[in-house]
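Written out below as structure tokens is the structure these notes cover.
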């Protein structure tokens, strides 16, 4: 057997902070062989990124490798000097980063940023390197690469920036490429394109890939083998086929079940109970014992080792294999949650709570200082009709730039509608927020995407929740602390957290606080703008379950915005698919997920990463990126990217709504023809 | 780009126009009667009336404003009231030249030093060098320039006798022959700015060095030197342009304290003296110069920044 390309032995990394030492990596051993794609999966804080940067020998100043060896091509990287590492970086050991925008120099053309790797290592002259960059951009399917090399990063879309990042990683032809969550910040459709490219590259090149992600669905598609990490240790390792067939470690099992199944239906998701163990104070015995639903006595006494369960499958667990199906474990169930809201909602089901009629929201445009500086407006939302019943959830899906967030902001009044009408509980509320009655304000709330930036860092959790209570509540101020505690309990948080500042909470906890704040005024409608897209899959499951539970208790209606159809499926009764400010399909959740589909919906569905390596699905990939909303395509706005464009009619006429009951598809293709496609899922 | 430049230019012009109205109104609001001031306390009522009509003081306010403005545009700034017969135009030009020399001298001194210090401190945050630079620059910022000025006079003029205490210039000699007189005002002016720009660059360096793209550049194996020159410096130094511009604008008209301390004949002191003597034409002209200088420098910076920063260059349409 040949020596593995990368061999890590008993690696240990410690971060020193003011308060304590964080044991980020606690004895990791793994191997990566040439030509393979090895996945590294785990929740935030499991140490996967630390491991990646330890391999690169580029830890933060307070991080230190305290033990073990990192053998790369037989040589220990720990013994290399900085100057020696400079020869290895980029040439033998490349890296691709999570945030393609931040990882590119904003003031340098992207071609230079790719080419400089080759010139720095003396692989090519500058002109040759630029030519190589052009070839590579072409290889990652960027159109007009000769033109793109001269562009600056901000002129490219997120997906294109990541392809530039990949090209920069490839140009030095490194033997090992470390990819640190390269698709996490991207749309599902863009992610699918990037994964296609990675897949192609892994087949063509003999390089090895270490692919880091929190999403098992992604690994199932492109990996050969996978390492599951928890608390700085590998807890399970196996070939893709075996690991997805059977999971020995309870953590892997739970993690896999927490992914929303695109074939599932509205209902509870599996959760991984509790949260990541405190890395400054690891428990005796198994690190997962604090969260494990199967733990036995021995788990607290000694630490399990990573034992082989079969030839290519091992797990760090005393209990494994776990027989039978995993019971649904919902953390929220056993915390004694209280129903949210005081008054029983005045329910007249089937009533419309929200009706949006021909809503348009244009930004900018109009006249500048000079006639030639006049500009066309950005048509963010361009004639959308929606209807939402009481106690129901309407999911709004689409790629970045489709206008879904603008839609939410206009409904709640943060943006003034350009045209059209918004009715709330039968009343016209189209006016901006400053001219809405306090009662209306109170009844519509919003939860934003990034809980880090929506909670004031200078205010405690209690203060954040008390504010809407004081503003809109009709009760004595002395009751506020009691109500705050009640709200915290109802979102599954301990009331003692009221004194904490947002910095002291995890991402999931912050999003719970934001949810509690939205529910403080007992709203009839809550808008959720991608509330889970910045969270881990396992945390996402707990938030989705919480929202379902809160809705059951309070009868609140939701408008739920996401770019991920499988997430939307779990929470929605109705789904609206948006593209470039237009509604392209609307219907009950079940109707959206089976034919007939709008061609755009079909593409979105086929892009969802499914944690099932055996599944070979239809692959429908959209060309290019969403066109500019300043100058949208004529006729059907989707015709420039539509894989099923039928002809000139698509360019000249806006498509009719082809309906059957509530289900409407805006397309020139007839409903019968649209029905003839094979289902994407199942 | 052309449309951007043109619209910025129009904005600058509008600002100057608005400022000219304000300057004119301020001059109007000053207490005291100009005619009385010229003719003295014992002037007769007839001679006062005659002078007022000669000066056009009995015309309505807006007419007088337009008279003044059209004079300014034609280059006729009137005659001084306190220094009889002296034309304001040439006087202002002389003083403006002095102010420019002082500002330029200060900039030539400040910019390289603050860049050097800022980069050195930012490269190794927390090191003894960084701490020394931080403490020194904080000290420089905290000292008002008249204190620095007096201290300089005490040391270099009174104790050592190397430099003249007064920086008043002799009209007969060219300004460059009198450079030693410029040294102390430049030093006094530089303290605060040097500290300010250095700290700005240091902060900017630290931020860029921690950025993801610096990490990415390092892990491409470019080597430290190339990472710094190609990726770090440009992005770290660019924001300093704005800070420098604001300071330059201030130097051109706001260095009142330093000019007064050293008796330096710049625009700021000209305006100060004019206010003291109710010399309205000189005051108006001086203030207008300060405004025009400030706005011009900022206009120039906007254009320069646009040329240097690709993000602004291309994304303007999406504002």
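The values are calculated or read from the model by the stated rules, or taken from the named source; none is laboratory data. On a predicted model such as this, the values are computed, not experimentally measured, just so you know. Ideal geometry is used to build each Cβ from the backbone, glycine not excepted, and the neighbour counts take in all protein chains shown.
Here are some notes:
- A search for C-beta distances below 6 Å between a residue of region A:346-371 that is more than 30 Å from residue A:551 (Cα to Cα) and any residue that is part of a loop (DSSP other than H, G, I, E, B) and at pLDDT 90 or above, counting only pairs 6+ apart in sequence or on different chains, returns A:362/A:418.
- Test result for residue B:57, touching a residue at least 60 places away in the same chain (Cβ under 8 Å) and part of a loop (DSSP other than H, G, I, E, B): no
- Hey, residue A:634 more than 24 Å from the chain's Cα centre (by Cα) and assigned to a loop (DSSP other than H, G, I, E, B) or not: yes
- Residue in region B:221-234 that is within 11 Å of chain A (Cβ to nearest Cβ), in contact with a strand residue (DSSP E or B) (Cβ under 6 Å, 6 or more places away or on another chain) and under 30 Å from residue B:126 (Cβ atoms) present: yes
- Filter pass, residue B:280 being in the same structural domain as residue B:119 (by TED's automatic domain parsing), under 25 Å from residue B:4 (Cβ atoms) and touching a residue at least 12 places away in the same chain (Cβ under 8 Å): no
Residues checked against (1) farther than 24 Å from residue A:13 by Cβ; (2) surrounded by 15 or more Cβ atoms within 10 Å (Cβ to Cβ):
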position	(1), (2)
A:235	no, yes
A:281	no, no
A:286	no, yes
A:300	yes, no
A:304	no, yes
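- Residues that are surrounded by fewer than 24 Cβ atoms within 10 Å (Cβ to Cβ), in a helix (DSSP H, G or I) and in contact with a strand residue (DSSP E or B) (Cβ under 9 Å, 6 or more places away or on another chain), drawn from region A:551-570: A:551
- Subset of region A:304-316 [at pLDDT 90 or above and in contact with a helix residue (DSSP H, G or I) (Cβ under 9 Å, 6 or more places away or on another chain)]: A:304, A:313, A:315, A:316
- Among the candidates B:55, B:51, residue that is touching a helix residue (DSSP H, G or I) at 6+ places or on another chain (Cβ under 6 Å) and either on the phi > 0 side of the Ramachandran plot or surrounded by 15 or more Cβ atoms within 10 Å (Cβ to Cβ) (or both): B:51
This table checks each residue for (1) touching a residue at least 60 places away in the same chain (Cβ under 8 Å); (2) part of a loop (DSSP other than H, G, I, E, B); (3) outside the structural domain of residue B:196 (by TED's automatic domain parsing).
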{"residue": "B:81", "(1), (2), (3)": "yes, yes, yes"}
{"residue": "B:98", "(1), (2), (3)": "yes, no, no"}
{"residue": "B:104", "(1), (2), (3)": "no, no, no"}
{"residue": "B:107", "(1), (2), (3)": "yes, no, no"}
{"residue": "B:110", "(1), (2), (3)": "yes, no, no"}
{"residue": "B:114", "(1), (2), (3)": "yes, no, no"}
{"residue": "B:120", "(1), (2), (3)": "no, no, no"}
{"residue": "B:126", "(1), (2), (3)": "no, yes, no"}
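- Total residues in region A:180-205 satisfying the condition of being more than 19 Å from residue A:157 (Cα to Cα) and not in a loop (DSSP other than H, G, I, E, B): the figure is 7.
- Candidates A:127, A:150, A:196 - the one that is touching a residue at least 12 places away in the same chain (Cβ under 8 Å), surrounded by fewer than 21 Cβ atoms within 10 Å (Cβ to Cβ) and within 22 Å of residue B:226 (Cβ to Cβ): A:150
- All positions within region A:422-459 that are farther than 12 Å from residue A:410 by Cα, without any contact (Cβ under 8 Å) to a residue 24 or more places away in the chain and out of contact with any strand residue (DSSP E or B) (no Cβ under 7 Å at 6 or more places or on another chain): A:427, A:434, A:435, A:436, A:437, A:439, A:453
Matching residues to (1) in contact with a strand residue (DSSP E or B) (Cβ under 8 Å, 6 or more places away or on another chain); (2) modelled with pLDDT under 55; (3) away from every other protein chain (no Cβ under 14 Å):
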| position | (1), (2), (3) |
| --- | --- |
| A:298 | no, no, yes |
| A:332 | no, yes, yes |
| A:342 | no, yes, yes |
| A:370 | no, no, no |
| A:393 | yes, no, yes |
| A:398 | yes, no, yes |
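- Residues satisfying the stated conditions in region A:153-174, i.e. buried (at least 20 other Cβ atoms within 10 Å of the Cβ), at pLDDT 90 or above and not in a helix (DSSP H, G or I): A:171, A:172, A:174
- Taken together, the residues in region A:85-101 that are free of Cβ contacts under 8 Å to residues at least 12 places away in the same chain and surrounded by fewer than 21 Cβ atoms within 10 Å (Cβ to Cβ) amount to 0.
- Failed condition for residue A:203, given (1) within 30 Å of residue A:4 (Cβ to Cβ); (2) in contact with a helix residue (DSSP H, G or I) (Cβ under 9 Å, 6 or more places away or on another chain); (3) surrounded by fewer than 22 Cβ atoms within 10 Å (Cβ to Cβ); (4) away from chain B (no Cβ under 14 Å): (2)
- Members of region B:106-139 found to be crowded, with 19+ Cβ neighbours inside 10 Å and under 26 Å from residue B:167 (Cβ atoms), listed by number: B:106, B:110, B:114, B:137
- Test: residue in region B:238-256 that is more than 17 Å from the chain's Cα centre (by Cα), farther than 30 Å from residue B:77 by Cα, within 14 Å of chain A (Cβ to nearest Cβ) and at pLDDT 85 or above: yes
- Apart from one condition, residue A:70 fits all of (1) at pLDDT below 95; (2) within 21 Å of residue A:12 (Cβ to Cβ); the exception is (1).
- Test result for residue B:306, within 14 Å of chain A (Cβ to nearest Cβ) and closer than 30 Å to residue B:235 by Cβ: yes
- The set of residues in region B:10-48 that are out of contact with any helix residue (DSSP H, G or I) (no Cβ under 7 Å at 6 or more places or on another chain), part of a helix (DSSP H, G or I) and either over 17 Å from residue B:283 (Cβ atoms) or within 14 Å of chain A (Cβ to nearest Cβ) (or both) comprises B:10, B:11, B:13, B:14, B:17, B:18, B:45, B:46.
- Of the strands (runs of 3 or more DSSP E) lying entirely inside region A:35-111, those containing at least 2 residues that are within 12 Å of another protein chain (Cβ to nearest Cβ) and in contact with a strand residue (DSSP E or B) (Cβ under 6 Å, 6 or more places away or on another chain) are A:93-96.
- From the options B:270, B:288, residue that is crowded, with 18+ Cβ neighbours inside 10 Å, modelled with pLDDT of 90 or more, in contact with a helix residue (DSSP H, G or I) (Cβ under 8 Å, 6 or more places away or on another chain) and in a helix (DSSP H, G or I): B:288
- Number of the condition not met by residue B:73 [criteria: (1) surrounded by 14 or more Cβ atoms within 10 Å (Cβ to Cβ); (2) without any contact (Cβ under 8 Å) to a residue 12 or more places away in the chain; (3) closer than 23 Å to residue B:297 by Cα]: (1)
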